[in-house]
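Novice: Handing you a structure now.
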Amino acid sequence: MAARRQALRLAARALEQRLNGDTRDHVGPELPCPCGGSAQYHGRHGKTFESVLGPLHLQRAYYHCEQCESGFCPRDRALGLESFSLTPGVLRMTASAAARVSFEESSELLHELAGVEVSAKQVERAAEALGAEIAAEEHRQVERRGERAPTMYLGMDGTGVPMRPQEVADRTGKQADGSAKSREAKLVTIWTAEARDEEGKPVRDPGSITYSAAIETAATVDTSPDLSDFAARVQREASRRGFSEAPRQVVLGDGAPWIWNTAMELFPQATQILDRFHVKEHLSQVGKVIYGDGPEGQPWIQARYDELDEGRLKSLVEALHAHASQYKEARDCMGYIWKNRRRMRYPKFDQQGFCTSTGVVEAGCKVVIDTRLKRAGMHWTVKGANAIIALRCCKLSGRFEDFWERRSDQRKAAA
Ligand SMILES: [Zn+2]
């Protein structure tokens, strides 16, 4: 560690000397200002930047515009040093860390692994700014990337994100007094499952999964010709993946009405499947309400699973009906199965070679949202949460590399 520290320090001094010895960024007494006015040269200004070599103290030509009362350094633009006193290399490391762990942990990791000093507050600001850039770009980048498969799967799900009090002040929620503590983040995920296991059952293709998510509405006014914000997100992700052009399209979800409304509106031709993983979880909960947490309920639960797998929905409903007068959960479950019966024809779906019990949808929310945003002591603003969700989706979908390349190219072209 000491040797590395010393080597980095030497390299930093050499780079500093080279950059500070080059004064070609002084390009005359004035420069045009972005506001339309004219900026005057005001000498060389010093500033310390955190780089992958550690701190760099740079002297740069400074131009000040009286009309808009602001100033700029042409070299900062040329080198991409305009973000939070971090060089692009450190900014990228910061984003990678903050996509995975909390701002505090990111700061610690950057110090420990890279010997780079970025405070938790700096991590937060930089990661949220970059996430906001990614979120804005996501709205524009809709051309298809990557391969299309004969069968494509699209899943939707939602999960609550804990909010700061002022973000939910005027919203109704699930708390006892009718107030809300969280907002729902909605997720769309697309994947393929062309691979087969030893029994010939479809298996999710590694690396085929992509995500897009945000805290936003899935509801529209009936008279509005526009898609809801979330439906528009689903459509963008579908065009990036070529979902609508796939010969066979499958939409998977749990029982939430907004999922099936969105599916009907965007992909009326797609096969709708209620994620079997989710239905079984539901049945297991009902079994535990009736028989308690002990082993007595297991045979009952297993019998319901078998009925579900074999497509005997009538006897499944009858078994629930036997407990309906006593347990509200059993009644609710009957309604849930009846409403979704067409999405639960599992033997037929098996025959068609469709994936029905993947848990991909369920895991999607956990992987993308819960593990990063639902941790002890975390409370978000909608803006902050959506920025980090965008950063995380980009990273987990394997799109960060491309994003970073495009960003660098744009900055070079602008400078
Ligand atoms: Zn100006």
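Novice: Can you tell me which residue among 72, 84, 49 is within 16 Å of the ligand (Cβ to nearest atom), closer than 30 Å to residue 134 by Cβ, under 40 Å from the mean Cα position of the chain (by Cα) and surrounded by 14 or more Cβ atoms within 10 Å (Cβ to Cβ)? Write out each step before concluding.
Specialist: Working: 84 fails: within 16 Å of the ligand (Cβ to nearest atom); 49 fails: within 16 Å of the ligand (Cβ to nearest atom).
Exactly one residue qualifies, and that residue is 72.
Novice: Could you identify the single residue in 112, 66, 108, 133 that is touching a residue at least 12 places away in the same chain (Cβ under 8 Å), more than 16 Å from the ligand (Cβ to nearest atom), among the acidic types (Asp, Glu) and out of contact with any Ser or Thr (no Cβ under 6 Å at 6 or more places or on another chain)?
Specialist: Of 112, 66, 108, 133, the one residue that is touching a residue at least 12 places away in the same chain (Cβ under 8 Å), more than 16 Å from the ligand (Cβ to nearest atom), among the acidic types (Asp, Glu) and out of contact with any Ser or Thr (no Cβ under 6 Å at 6 or more places or on another chain) is 133.
Novice: Kindly indicate whether any position in region 183-194 is out of contact with any Asp or Glu (no Cβ under 7 Å at 6 or more places or on another chain) and at pLDDT below 90.
Specialist: Checked against the condition, which is being out of contact with any Asp or Glu (no Cβ under 7 Å at 6 or more places or on another chain) and at pLDDT below 90, region 183-194 yields no hits at all.
Novice: Here is a follow-up. What single numbered condition from (1) surrounded by 13 or more Cβ atoms within 10 Å (Cβ to Cβ); (2) without any contact (Cβ under 8 Å) to a residue 60 or more places away in the chain; (3) out of contact with any helix residue (DSSP H, G or I) (no Cβ under 9 Å at 6 or more places or on another chain); (4) assigned to a loop (DSSP other than H, G, I, E, B) fails to hold for residue 184?
Specialist: Status for residue 184: all satisfied but (4).
Novice: Here's another thing I want to ask about it. Could you grab me the full set of residues in region 160-181 that are surrounded by fewer than 19 Cβ atoms within 10 Å (Cβ to Cβ) and in a strand (DSSP E or B)?
Specialist: 162, 172, 179
Novice: Okay, moving on. Considering 60, 77, which residue is within 16 Å of the ligand (Cβ to nearest atom), basic (Lys, Arg) and either surrounded by 20 or more Cβ atoms within 10 Å (Cβ to Cβ) or more than 24 Å from the chain's Cα centre (by Cα) (or both)?
Specialist: On the way: 60 fails: within 16 Å of the ligand (Cβ to nearest atom).
The match here is 77.
Novice: Based on what the data block shows, is residue 413 part of a loop (DSSP other than H, G, I, E, B) and farther than 23 Å from residue 103 by Cα?
Specialist: For residue 413, the condition - part of a loop (DSSP other than H, G, I, E, B) and farther than 23 Å from residue 103 by Cα - is not met.
Novice: While we're looking at this one, here's another question. Go over the candidates 272, 235 one by one and state the one that is assigned to a strand (DSSP E or B), of a type in the set (S, T, N, Q) and in contact (Cβ under 8 Å) with a residue 12 or more places away in the chain.
Specialist: Selected residue: 272, the only one of 272, 235 that is assigned to a strand (DSSP E or B), of a type in the set (S, T, N, Q) and in contact (Cβ under 8 Å) with a residue 12 or more places away in the chain.
Novice: Tell me yes or no: at least one residue of region 24-36 is surrounded by fewer than 14 Cβ atoms within 10 Å (Cβ to Cβ), among the hydrophobic types (A, V, I, L, M, F, W, C), within 16 Å of the ligand (Cβ to nearest atom) and touching a residue at least 24 places away in the same chain (Cβ under 8 Å).
Specialist: yes
Novice: I would also like to ask the following. I need the full set of residues from region 258-297 which are within 29 Å of the chain's Cα centre (by Cα), farther than 23 Å from residue 363 by Cα and surrounded by fewer than 17 Cβ atoms within 10 Å (Cβ to Cβ), in order please.
Specialist: Across region 258-297, the qualifying residues are 264, 265, 268, 269.
Novice: Anything in region 1-41 that is under 14 Å from residue 75 (Cα atoms) and in a strand (DSSP E or B)? List them, or say none.
Specialist: 31, 41
The values are calculated or read from the model by the stated rules, or taken from the named source; none is laboratory data. What you are looking at is a predicted structure, and each value in this text was computed from that prediction instead of being measured. Heads up, the Cβs are rebuilt from the backbone with ideal geometry, glycines too, and the neighbour counts pull from every protein chain shown.
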